[in-house]
Amino acid sequence: MLTLSFDTSLDKTYIVLGENKKILDSIEIKSDEKNYHSAYLISKIAEVLKKNKKTPKDIKVIGVNTGPGSFTGIRACVTTARVMAQETGANVFGISSLEILARASKLENPLVILDARKNMGYLWDRKLIGALPLDEIDEIAQNRNILTDNTLFERYKDTGNSVLSYQEENLPLGNVLFEIISEKIPGADDIWQHLKPLYIQPPPVTIKRN
């Protein structure tokens, strides 16, 4: 069963192609001003498929990171997966970036904290907790193993038992996403219409009312 998984929700793009739980190809691209998710994702997926002599019609399962993360990156990831699944009939799964990070971490039972801006943080503690004020997370983080990002590392570096930034650890997030997806059993509910971006906080848009 051919599985394609990809992630554009964080600061790198991961594309992994595998068959029967075995990885055939895996690429990683750092997103910057020259390489931004929405500009090259589809072309890179096409390259991976062509290199491995596969076509979109061969794909049976698609797995993506649905966030939280970059607003544009999440949209690019989910929209591409929905379109591909609609065209190919593949089953599609969405996995939270926090679950991926927790699985990828070498820390035991890590508390995953990502910057959500506005003095808020996205929190994973064995499950997705949501977006909480950082002052509230500070209390939870005492004496815990913590995986965070570069933005919050200084805040928590002296708080827990072990504190790491996932951006400095260079974790194999694409491979871990593929592993999680490979454990899923496709079913009737895993259709493109059910795949939604995980926007825990609304985008910063103000609507003026008359």
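The values are calculated or read from the model by the stated rules, or taken from the named source; none is laboratory data. This is a predicted model, so every value here is computed, not measured. Virtual Cβ from ideal backbone geometry, glycine too; neighbours counted across all protein chains shown. Remember, those area values only see protein heavy atoms, side chains included, never the ligands or the DNA or RNA. Shrake-Rupley method; radii C 1.70, N 1.55, O 1.52, S 1.80 Å.
A few remarks follow.
- Taking every DSSP bridge with both residues inside region 13-112, close to 55 percent are antiparallel.
- Within the listed set K53, K127, K184, the Gaussian network model of the chain (springs between alpha-carbon atoms below 10 Å) gives the highest mean-square fluctuation for K53.
- Among I62, I181, I27: highest mean-square fluctuation, GNM of the chain, C-alpha pairs under 10 Å: I27
- Applying the Karplus relation 6.51 cos²θ - 1.76 cosθ + 1.60 with θ = phi - 60° to region 49-60 yields 3J(HN,Hα) values of 4, 4, 4, 9, 6, 10, 10, x, 5, 6, 6, 9 Hz, where x marks Gly and Pro.
- Per atom type, region 38-113 shows carbon and sulfur on 51% of its accessible surface, probed at 1.4 Å.
- Taking every protein chain into account, the accessible area of region 70-205 amounts to 51 square angstrom per residue (probe 1.4 Å).
- Taking region 163-191 and a reference point 7 angstrom along Cα→Cβ of N150, the backbone N atoms nearer than 20 Å belong to 163-174.
- Residues whose amide H lies under 5 Å from that of S162, counting only those 5 or more places away or on a different chain, are N145, I146; hydrogens are built 1.01 Å from N in the peptide plane.
- Over 32 Å (Cα to Cα) - which of K44/K196; K30/K127; K12/K157; K30/K50 fall in this group: none
- Label zone at S26 (point 7 Å along Cα-to-Cβ), backbone N below 12 Å, region 123-151: none
- Using the Cβ-Cβ distance between Q142 and N119 with R0 set to 25 Å, the FRET efficiency from 1/(1 + (r/R0)^6) comes to roughly 0.85.
- In terms of the mean number of neighbouring beta-carbon atoms within 10 Å, the peptides 137-146, 109-118 order highest first as 109-118, 137-146.
- Relative contact order, percent, region 1-128 [alpha-carbon distance under 8 Å, six or more residues apart]: 22
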